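The values are calculated or read from the model by the stated rules, or taken from the named source; none is laboratory data. Everything quoted here is computed from the prediction, not taken from an experiment. All Cβ positions, even for glycine, are placed from backbone atoms using ideal geometry, and neighbour counts span all protein chains on display. Areas reflect the complete protein model, heavy atoms only, side chains present, ligands, DNA and RNA absent. Shrake-Rupley method; radii C 1.70, N 1.55, O 1.52, S 1.80 Å.
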Amino acid sequence: MQTVVVKFGGPMLATTEKIVQVAKKVIKEQGRGINLVVVVSSMTSIRQNLRQFAAEITHEPSKREMDALISTGAQITSALLALAIQEHGGKAVSLAGWQAGIQTNEKYGNARIDSIDNKRFEKHFDLGEIVVVSGFQGITDTHNISTLGKGGSETSAVALAIALNAERVDIYSTVEGIYTADPQLVEDATKLSVISYDEMLEFSNLGTKILHPRAVELAKNYNMPIVVRSATEDVEGTLIKGDVDMEKNLLVRGVAYESDIIRLTIGYDSYETASLAEVFSVLAENDINVDIIVQAVIDGIKPTISFTISKEEFADALRVLESSKLSLGFSFADFEIGLAKVSIIGSAMASNPGVAARMFARLGREHIPVKMVSTSEIKVSVVVPQEEMVRAANALHEEFNIAMKEVPAS
């Protein structure tokens with residue numbers, strides 16, 4: 001029998017009523033004659049309560065103990081779902097991450113999966129049971145519970161699918177699939193029937209929150225198909241797979257955006273004291289993610305290094321830079337808030353010169369200032385004022401006529 005791994009996030013499991021709905025859905029899915037593994041996130045309310053309990057006790061909790069605490073949220077959810085499946089005529093067993101054989105390193109709060117021992121699953125499949133796995137977690141070599149950080153449940157699902165040689169991973173979401181742009185902001189946004197791993201990675205890295213880049217990267221490495229589909233509507237989702245040959249003629253596949261971007265700039269008295277390597281090594285050592293980077297070295301003007309960073313990491317970045325000011329050798333630091341990043345994405349852009357020029361020309365006609373630029377083979381990103389983000393996204397979606405070019409999957 002073929003194996004399928006499905007993942008449900010917190011919003012689909014927010015109440016016991018919704019858990020019952022998911023139970024009925026997965027019973028129906030198993031009835032199609034497959035081995036089924038269901039990976040679940042924690043109910044949002046439980047996760048929030050657990051963090052609040054810890055905050056009431058200490059302002060500086062141990063990362064190890066926080067992992068032990070937070071992991072129980074998904075375990076509660078998986079047990080409730082297993083009970084709901086049993087109550088409605090199905091067979092099910094819930095497994096915590098360690099019971100599912102998910103082995104990780106010891107970086108608490110942001111662990112990485114090292115291996116998966118899948119021996120236990122076959123026994124449950126033979127009994128006709130749906131295996132409900134607590135996502136977002138595993139166990140270290142020293143038998144400590146660990147959590148996987150952002151995208152942990154999706155990454156758990158993909159990793160389990162690879163270990164079980166599954167047919168695919170289904171990610172059930174509050175949306176019907178991946179769109180050419182955010183349909184809440186861009187009226188003509190169209191659902192994509194199929195998208196490549198590389199394009200999905202860009203969408204995920206550039207602000208689309210549906211699927212975490214970690215999960216996409218893992219799926220790409222092992223060529224594991226992913227389908228993003230609606231948890232409530234019985235409609236076709238979006239298939240994420242390798243190169244999409246039939247759509248190579250599509251120049252731009254979509255527009256992504258990310259709000260609340262901050263530009264940090266540090267300046268030096270001379271070029272000799274400026275070191276890109278040292279600055280970004282210090283930030284990396286403190287787990288601070290940097291995006292667009294621009295270095296300005298012009299005769300007669302003090303050299304500067306500018307980079308963008310998320311609002312959530314701004315305070316940590318300032319603290320790290322201030323504490324490292326002497327060793328890094330910069331003379332001043334400045335920042336600009338109220339910015340957003342807007343990007344166009346398409347695998348065909350690599351073989352079609354002039355895309356960036358067309359993008360800049362359209363933004364120019366719209367009188368939208370471009371403050372920073374970043375490019376790759378399949379994307380062009382610009383930093384614009386936050387108040388211009390929605391207008392820029394709509395203008396670019398229209399410029400490349402994206403809504404009119406979607407080709408149905410075969």
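Things to note:
- Number of the exception - I195 against (1) surrounded by fewer than 23 Cβ atoms within 10 Å (Cβ to Cβ); (2) within 21 Å of P213 (Cβ to Cβ); (3) modelled with pLDDT under 95; (4) not hydroxyl-bearing (S, T, Y): (1)
- One residue stands out in segment 219-231 among those that are part of a loop (DSSP other than H, G, I, E, B) and touching a residue at least 40 places away in the same chain (Cβ under 8 Å): the one that is surrounded by the fewest Cβ atoms within 10 Å (Cβ to Cβ), namely P225.
- Of the criteria (1) open to solvent by 40 Å² or more (accessible area, probe 1.4 Å); (2) without any contact (Cβ under 8 Å) to a residue 40 or more places away in the chain; (3) under 19 Å from I288 (Cβ atoms), which one D334 fails: (2)
- The residues of segment 64-108 that are aliphatic (A, V, I, L, M) and assigned to a loop (DSSP other than H, G, I, E, B), listed by number, are A96, A100.
- Checking each residue in segment 292-308 for being buried (at least 17 other Cβ atoms within 10 Å of the Cβ) and in contact with a Phe, Trp or Tyr (Cβ under 9 Å, 6 or more places away or on another chain) picks out I292, P303, T304, I305, F307.
- When the criteria are applied in full, L185 fails the requirement of being of a type in the set (A, V, I, L, M), surrounded by fewer than 23 Cβ atoms within 10 Å (Cβ to Cβ) and within 21 Å of V355 (Cα to Cα).
- Apart from one condition, A79 fits all of (1) surrounded by fewer than 20 Cβ atoms within 10 Å (Cβ to Cβ); (2) over 14 Å from F136 (Cβ atoms); (3) within 25 Å of the chain's Cα centre (by Cα); (4) aliphatic (A, V, I, L, M); the exception is (3).
- Any pair with Cβ under 9 angstrom, 6 or more apart, that starts in segment 116-140 at a residue that is surrounded by fewer than 18 Cβ atoms within 10 Å (Cβ to Cβ) and ends at one that is in a loop (DSSP other than H, G, I, E, B) and of a type in the set (S, T, Y): none
- Here the condition is being basic (K, R) and more than 24 Å from I262 (Cβ to Cβ); of R362, R391, it holds for R362 alone.
- Qualifying residue in segment 309-331 (condition: modelled with pLDDT under 90, more than 24 Å from the chain's Cα centre (by Cα), open to solvent by 40 Å² or more (accessible area, probe 1.4 Å) and within 30 Å of S193 (Cα to Cα)): no
- Flag for Q103 being under 22 Å from K25 (Cα atoms), open to solvent by 30 Å² or more (accessible area, probe 1.4 Å) and not aromatic (F, W, Y): no
- Only listed residue being of a type outside the set (G, A, S) and touching a residue at least 40 places away in the same chain (Cβ under 8 Å), chosen from R319, R358, R391: R358
- Filter pass, K91 being closer than 15 Å to I130 by Cα, at pLDDT 95 or above and open to solvent by 50 Å² or more (accessible area, probe 1.4 Å): yes
- Sole exception among (1) at pLDDT 85 or above; (2) open to solvent by 40 Å² or more (accessible area, probe 1.4 Å) for I178, by number: (2)
- Scan of segment 202-218 for residues that are in a helix (DSSP H, G or I) and open to solvent by less than 10 Å² (accessible area, probe 1.4 Å), ordered by number: F203, A215, V216
- Among the residues making up segment 1-45, those that are assigned to a loop (DSSP other than H, G, I, E, B), surrounded by 19 or more Cβ atoms within 10 Å (Cβ to Cβ) and of a type in the set (G, A, S) are G9, S41, S42.
- Sole exception among (1) open to solvent by 60 Å² or more (accessible area, probe 1.4 Å); (2) part of a loop (DSSP other than H, G, I, E, B); (3) modelled with pLDDT of 90 or more; (4) of a type outside the set (V, I, T) for D234, by number: (3)
- Note on segment 337-348: residues that are open to solvent by 10 Å² or more (accessible area, probe 1.4 Å) and modelled with pLDDT under 90 total 1.
- Selection status of E258, under 26 Å from E377 (Cβ atoms), surrounded by 15 or more Cβ atoms within 10 Å (Cβ to Cβ) and modelled with pLDDT of 80 or more: yes
- E199 vs. criteria part of a helix (DSSP H, G or I), farther than 23 Å from G149 by Cβ and not aliphatic (A, V, I, L, M): yes
- Residue within segment 54-63 that is open to solvent by 40 Å² or more (accessible area, probe 1.4 Å), outside any helix (DSSP H, G or I) and either in contact with a helix residue (DSSP H, G or I) (Cβ under 7 Å, 6 or more places away or on another chain) or in contact (Cβ under 8 Å) with a residue 60 or more places away in the chain (or both) present: yes
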